[in-house]
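**Student:** Starting off with a structure, shown below.
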Amino acid sequence: MTRVFSGVKPSGALHLGNYLGAFRQWVADQQEFDCYFCVVDLHSLTVEQDPSQLRQATIETAIGFLSAGIEPDQCTLFVQSHVHEHPELAWLVECTVSFGELSRMTQFKDKAKAKGGESVRAGLFTYPALMAADILLYDTDRVPVGDDQRQHLEITRDVAIRFNNRYGETFVVPEATVPRLAARVMDLQHPENKMSKSDESPQGTIDMTDTPEQIVQKVRRAVTDTDGEVRYDPELKPGLANLLELMAAVTGRSVDEVASGYEQYGPLKADLAEALVEALRPVRERYARYAADPGEIAALLGQGAEKAASVASKTLARAKDAMGLLPRG
Ligand code: TYM
């Protein structure tokens, strides 16, 4: 059966970009494939975290998966640090990937620049090795992600192919699956930036659990442009293009079809707000239900980690053996 793996960092409230770029694909995939979904808490440590907030964000992110519609009895949901094979395989991957390859990662370059050059943590630099390990441990065929993760998937494929060539067939070579629409949801206030979990642009970010009033207000205030013509042009009209793409993604229509239905921005914004409120309504309702029972979440995550470890331990053993590490007697 086709194996699927994907993950989300617990580093703040989940937003519409996560929902449309990632979760929605996962919810569809869980019906058809053998899915492993992971709260990748070790990845969060690449930047400063308050320990008690990280613990809370890990639980909140797990609740986010379930709120989005992930069914724990249809797939395996777990926390990365509960399965020690992840950092262990990451070390083996680090010893097969080059400094040059990691230096070329655009996400590292951007974040290092933003966070002050040389003082960034070494983990931020080696992060793609851990991400490759996450994926390769599960003999993953498909990795449903948003557009910003494409480069990390490329390096994962390179790692797997190189490892197999050097040490013999060990890893499945995975493929990224990126949604056709809303693969890169942009910030509503700064449409040149992607919507992100940071607290920096609360008005530009629609959280998965925002109330209908908050959604309506944020869409109404979304930045567009002054020429007033409704047409899809991401270069010249990035704010409007984002709204059109969002509308297409939530209604299942094409961007051109959506654009041809409007002559003014106001009615488009009103319809989009309504469509988003409806799309996120079940998410909000499930959130309220799961958040009321954190004990249930902890039990689910415990079972998930056990199942994940039973797969991951076999792959790790295969990789260690292939590289010549002596098995414990
Ligand atoms: P993270 O936590 O930043 O994002 C989780 C998922 O949400 C997608 N996403 C978006 N999609 C569309 N528009 C946006 N504005 C937007 N923002 C986020 C991301 O593409 C991602 O699919 N490195 C990963 C986590 C990770 C992982 C993995 C993913 C660790 N190991 C293994 C897949 C497989 C990350 O930081 O995602």
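The values are calculated or read from the model by the stated rules, or taken from the named source; none is laboratory data. Given the structure is predicted, the values throughout are model-derived calculations rather than measurements. Here the Cβ positions follow ideal geometry from the backbone for every residue, glycine too, while neighbour counts run over all protein chains shown. Surface accessibility is based on the protein's heavy atoms, side chains included, excluding ligands, DNA and RNA. Shrake-Rupley method; radii C 1.70, N 1.55, O 1.52, S 1.80 Å.
**Student:** Do we find that THR126 is touching a residue at least 40 places away in the same chain (Cβ under 8 Å) and either more than 11 Å from the ligand (Cβ to nearest atom) or crowded, with 17+ Cβ neighbours inside 10 Å (or both) in this structure?
**Tutor:** Numbers: touching a residue at least 40 places away in the same chain (Cβ under 8 Å): no; either more than 11 Å from the ligand (Cβ to nearest atom) or crowded, with 17+ Cβ neighbours inside 10 Å (or both): yes.
It is false that THR126 is touching a residue at least 40 places away in the same chain (Cβ under 8 Å) and either more than 11 Å from the ligand (Cβ to nearest atom) or crowded, with 17+ Cβ neighbours inside 10 Å (or both).
**Student:** Looking only at region 9-19, which residues are near the ligand (Cβ under 6 Å from one of its atoms) and either within 17 Å of ALA182 (Cα to Cα) or not assigned by TED's automatic domain parsing to the domain that holds LEU45 (or both)?
**Tutor:** Across region 9-19, the qualifying residues are GLY17, ASN18.
**Student:** Still on this structure, please answer the following. For region 180-284, which fully contained helices (runs of 4 or more DSSP H) count at least 3 residues that are closer than 21 Å to GLN149 by Cβ?
**Tutor:** On the way: elements: 212-220, 238-251, 255-260.
Those helices (runs of 4 or more DSSP H) span 238-251.
**Student:** Considering only residues that are near the ligand (Cβ under 6 Å from one of its atoms) and closer than 15 Å to LEU89 by Cα, which ones fall in region 131-158?
**Tutor:** MET131, ASP134, ILE135
**Student:** I would also like to ask the following. Among the residues of region 241-252, is any farther than 30 Å from ALA90 by Cα, outside the structural domain of ASP134 (by TED's automatic domain parsing), surrounded by fewer than 18 Cβ atoms within 10 Å (Cβ to Cβ) and not hydrophobic (A, V, I, L, M, F, W, C)?
**Tutor:** Checked against the condition, which is being farther than 30 Å from ALA90 by Cα, outside the structural domain of ASP134 (by TED's automatic domain parsing), surrounded by fewer than 18 Cβ atoms within 10 Å (Cβ to Cβ) and not hydrophobic (A, V, I, L, M, F, W, C), region 241-252 yields at least one hit.
**Student:** Output the number of residues of region 95-119 satisfying the condition of being closer than 17 Å to HIS43 by Cα and crowded, with 16+ Cβ neighbours inside 10 Å.
**Tutor:** Result for region 95-119: 5.
**Student:** Can you name the residue in region 159-186 that is open to solvent by 50 Å² or more (accessible area, probe 1.4 Å) and in contact (Cβ under 8 Å) with a residue 60 or more places away in the chain and, of all such residues, is nearest to the ligand (Cβ to nearest atom)? Spell out the reasoning first.
**Tutor:** Filtering region 159-186 for residues open to solvent by 50 Å² or more (accessible area, probe 1.4 Å) gives 161-162, 165-167, 169, 173, 175, 180, 184.
Imposing the further condition that a residue be in contact (Cβ under 8 Å) with a residue 60 or more places away in the chain reduces the set to 162, 166-167, 184.
On the way: ARG162: 18, ARG166: 23, TYR167: 22, ARG184: 5 Å.
Result: ARG184.
**Student:** Right, here's the next one. Give the number of residues within region 142-156 that are crowded, with 18+ Cβ neighbours inside 10 Å and over 23 Å from GLY252 (Cα atoms).
**Tutor:** Count: 5.
**Student:** Still on this structure: Somewhere in region 83-92, is a residue aliphatic (A, V, I, L, M) and either more than 15 Å from the ligand (Cβ to nearest atom) or in contact with a Cys (Cβ under 9 Å, 6 or more places away or on another chain) (or both)?
**Tutor:** Yes: one or more hits.
**Student:** Filter region 268-298 down to residues that are open to solvent by less than 70 Å² (accessible area, probe 1.4 Å) and acidic (Asp, Glu) and give me whichever is farthest from LEU66 (Cα to Cα).
**Tutor:** Among those that are open to solvent by less than 70 Å² (accessible area, probe 1.4 Å) and acidic (Asp, Glu), it is ASP271.
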